[in-house]
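Undergrad: The structure follows.
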Amino acid sequence: FLSENAAFADACAREGIIFVGPPSSAIRAMGNKSAAKGLMERAGVPVVPGYHGSDQSQATLASQAEHIGYPLLIKAASGGGGKGMRVVTSPDALQAAIAACQREARNAFGDATVLLERYLTHPRHIEVQIFADTHGNCVSLFERDCSVQRRYQKVFEESPAPGLSDARRKEMGDAAVAAARAVHYVGAGTVEFIVEDEAFYFMEMNTRLQVEHPVTELVLGLDLVAWQLAVAQGNRLPLRHDELSGLRGHAIEARIYAENPEKGFLPATGDLARLHFPEHLAFTAPANPSGPFVRVDSGVREGDAISPFYDPLVAKMIAWAPTRVEALDSLSRALAATQVAPLQTNIAFLQRALLHPAFRAGGVSTGFIADEHDALFPQSAPPSPGTLALGVAAVLSAERLRPGNVSEPWEYCRSFRVNGSALRTFQFTYGDETSTVTLRSGRSGEYLSLGSETSKLPFKHAGDLTALYVTLGAATKKGAAFVDETTVHLFESGVNTLLGLPKPVGARWSEEVHGGLAAPMPGKVVALVVKVGEPVAAGAALLVMEAMKMEHSITAPADGRVTCFRYSPGAQVQEGAPLLDFEPS
């Protein structure tokens, strides 16, 4: 990020441009995690036990790892955002994990230096927003709980942190201010801590305004961007800590990502042909809110594309309410009314997490997703008759809305037959299953047959299918749809159902690449881990890809050997491209 680039801050100063951020000395001090931890130790801020020295030899790292004990965490010294991080549970996996972290860190940050930390198995991740000016004033703007994470990246952020006592809140705030003063900080920053067993430890400092800053804005009624500009102009902080009104209500932010949670949260790329948020959203915080409201921040709009070169963040959705329960419910309703297609997103996963009893109780650890995996990733149920009816109505509506159809005279009497009714069969795939639906159209209307049941099928739709109504028997279902060549995307009360359409003749599908392993997402090949012909065990890493600055290993599906690599390191590949040929033993 340029906002954390010390050389850029220096260049601005040389050209007489005011850099809205801390001095370059503070960026350098906190930009390297190893140096920052040493600085924090000297400032009396507690740090996680570990090794953050300059000797990066394999022998030293292995020796230090043995001293720290397992499990341990490897982290890129110049990194952030979960890049260049691995958990290692045994000495056997240490060397490969260090190599992967160094490679990822070098690619993302231009620095392969890593540090080792004791891995706390069930910590909470709590960060403190701080602000400082050039007049020696520095304040803590309280905390955000960022414990729910995947791939070491945050999923939810909320304030105040559930279950945090006033005494602990003050203690952590004082430690964050001490950390900022140690580097003569100016502007907005975030000091991140991990908390376990009544102890908290400094983890790192982000020398910028973070993605989750709206959470703090909403619980304090402040505009932190306005504060940044005021401090950059040389003004004093607008408020001292004792002038802050204290936390009001509860705010929580969810990050809507283009990704596939069921496949390890692999990033997704493609066009945002449908991007529809619920109506009546707030884009600024009310001065004196009287009830729940939701704010959305987004850097994309309908028609844009999510590319493999940037973070796959679609939007941030932030809910505020007088109580935490009301805020969670408000966020859940807003997510339910959000439509994104054809890209896969984490919206359904976010809703399941919001409804999980442990999360609603508050105080979950960073292991929440792994610990509650079965509940957060339930087995998919087959689509209901109502959902299949909605799918049929979506296909028919899309066909009738297709440009140019009205110029065809037969479109005006598509159901006309000399004898009998028009019959049409729909085959929808859902996972490995197929559902067959028959539609009979005639003068008296359209009738849907599901098994032995037949019902009349009246339906109506908005012009862009953002609203779709279907009556099946005595029940009326409301939803929305997006239809492309291969899939019907249905949105029903926040549940996004994908109904596959028959594959076009001659289409090439990645799962049909015989004897090979296909790319699970678009990205770059960064390493070939094994040699052609070398025997490997099931689960062994064969090839490493990079997408969205994160590495993903392609592993052996069984014992066997690679007979051919289709690409060399550095090659860009598309999703579904055959990467290698594999021969089971």
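Undergrad: Quick one: accessible surface of SER330, probe radius 1.4 Å, all protein chains present, in square angstrom to the nearest 10.
TA: 10 Å²
Undergrad: Taking a point 7 angstrom from the Cα of ALA541 along the C-beta vector, which residues in the stretch 104-145 have backbone N less than 18 Å away?
TA: 104-117
Undergrad: Next question. If you take the beta carbon distance between SER57 and ARG168 as r and set R0 to 30 Å, what does 1/(1 + (r/R0)^6) give as a FRET efficiency, to the nearest 0.05?
TA: Once the sixth-power term is evaluated, E becomes 0.15.
Undergrad: Past 20 Å, Cα to Cα: identify those pairs from LYS75/LYS531; LYS154/LYS316; LYS456/LYS478; LYS83/LYS524; LYS456/LYS477, in the order given.
TA: LYS75/LYS531
Undergrad: In Å and whole numbers, how far do the C-alpha atoms of the stretch 125-272 stretch along each principal axis, longest first?
TA: 50, 40, 31
Undergrad: Looking at the stretch 127-188, which trypsin sites (Lys or Arg not before Pro) are in a loop (DSSP not H, G, I, E or B) and have at most 14 other Cβ atoms within 10 Å?
TA: Listed in order of number, the matching sites amount to none.
Undergrad: Net charge around GLU157, counting only other residues with Cβ within less than 11 Å of its Cβ (Lys, Arg = +1; Asp, Glu = -1)?
TA: -2
Undergrad: What does the extension gain come out to for LEU2 and GLU41, with contour length at 0.36 nm per residue minus their alpha carbon separation?
TA: Between LEU2 and GLU41, full extension yields 11.3 nm more.
Undergrad: What GluC sites (Glu not before Pro) does the stretch 1-98 have in DSSP loop regions with at most 11 other beta carbons within 10 Å?
TA: Answer in residue order: GLU15.
Undergrad: Additional query: Determine, from the Cβ-Cβ distance of LYS478 and HIS241 and an R0 of 41 Å, the FRET efficiency 1/(1 + (r/R0)^6), rounded to the nearest 0.05.
TA: E between LYS478 and HIS241, to the nearest 0.05, is 0.25.
Undergrad: Also: For the chain, what is the calculated [θ] at 222 nm in deg cm²/dmol (nearest 500), taking -39500 (n - 2.57) for each run of four or more DSSP H residues and dividing by its residue count?
TA: About -7000 deg cm²/dmol.
Undergrad: Continuing with the same structure: Quickly rank 200-213, 470-483 as a protection proxy: mean count of other C-beta atoms within 10 Å, highest first.
TA: Result, highest mean Cβ count within 10 Å first: 200-213, 470-483.
Undergrad: Next question. Taking amide H positions as placed 1.01 Å from N in the peptide plane, with prolines and chain starts having none, which residues 5 or more places from ASN346, or on another chain, fall under 5 Å of its amide H?
TA: TYR257, GLU259
Undergrad: What does the highest-first list of 242-252, 106-116, 374-384 look like by mean Cβ count within 10 Å?
TA: 106-116, 242-252, 374-384
Undergrad: Keeping all protein chains in place and using 1.4 angstrom, which order do CYS564, CYS146 fall into by accessible surface area, from largest down?
TA: Per-residue accessible area, sorted high to low, gives CYS564, CYS146.
Undergrad: Using alpha carbons only, how many angstrom separate the centre of the stretch 59-108 from the centre of the stretch 306-371?
TA: First find each Cα centre; the distance between them is then 30 Å.
Undergrad: Rounded, prolate or oblate, given the Cα gyration tensor of the stretch 301-366, with a/c below 1.5 counting as rounded?
TA: Prolate, because a/c is 1.5 or more and a/b exceeds b/c.
Undergrad: Here's a follow-up. In the full protein assembly as shown, how much of TYR119 is accessible to a 1.4 Å probe, in Å² to the nearest 10?
TA: 70 Å²
Undergrad: Further, regarding this structure: If the chain between SER380 and ILE18 were fully stretched, how many nm would it gain, using 0.36 nm times the residue separation less the Cα-Cα distance?
TA: Full extension from SER380 to ILE18 adds 124.9 nm.
Undergrad: Using only the Cα atoms of the stretch 244-335, each taken as one equal point scatterer with no solvent, compute I(q) by the Debye sum, divide by I(0), and report log10 of the ratio at q = 0.12, 0.16, 0.26 Å⁻¹.
TA: Summing over Cα pairs of the stretch 244-335 leads to -0.45, -0.73, -1.31.
Undergrad: Let me ask something else. Given the Cα-Cα distance of ARG301 and ARG118 and 0.36 nm per residue of separation, how much length would full extension add, in nm?
TA: 61.7 nm
Undergrad: How far apart, in nanometres, would the label points at GLN427 and ALA93 be if each is projected 7 angstrom from Cα along the Cα-to-Cβ direction?
TA: About 4.3 nm separates the two model spin labels.
Undergrad: Name the residue farthest towards the positive end of the dipole of the chain from the options ALA394, ALA99, SER585, assuming +1 on Cβ of Lys and Arg, -1 on Cβ of Asp and Glu, about the Cα centre.
TA: ALA394
Undergrad: Any idea which of VAL139, SER332, VAL128 is furthest toward the positive side of the dipole for the chain, if Lys and Arg beta-carbons carry +1 and Asp and Glu beta-carbons -1?
TA: Of the candidates, SER332 comes out farthest on the positive side.
Undergrad: Loop only by DSSP, 12 or fewer other Cβ within 10 Å of the Cβ. Give me the GluC sites (Glu not before Pro) in the stretch 422-459 that pass, ordered by residue number.
TA: Passing both the DSSP loop test and the Cβ count: no residue.
Undergrad: When each pair of different Cα atoms in the chain is counted once in the 1/r mean, what is the Kirkwood radius in angstroms, to one decimal?
TA: Answer for the chain: a Kirkwood hydrodynamic radius of 26.7 Å.
Undergrad: Taking the Cα centre as origin and putting +1 on Lys and Arg beta-carbons and -1 on Asp and Glu beta-carbons, what dipole magnitude results for the stretch 441-489, to the nearest 20 debye?
TA: The calculated dipole for the stretch 441-489 is roughly 300 debye.
Undergrad: For SER25 and TYR310, FRET efficiency with R0 = 30 Å and r from the beta-carbon atoms, rounded to 0.05?
TA: 0.55
The values are calculated or read from the model by the stated rules, or taken from the named source; none is laboratory data. Since this is a predicted model, take the numbers as computed values, not measurements. For neighbour counting, all protein chains shown are included, and Cβ atoms are generated from backbone atoms with ideal geometry for every residue, glycine included. We work out accessible area using only protein heavy atoms, side chains counted, and drop any ligands, DNA or RNA first. Shrake-Rupley method; radii C 1.70, N 1.55, O 1.52, S 1.80 Å.
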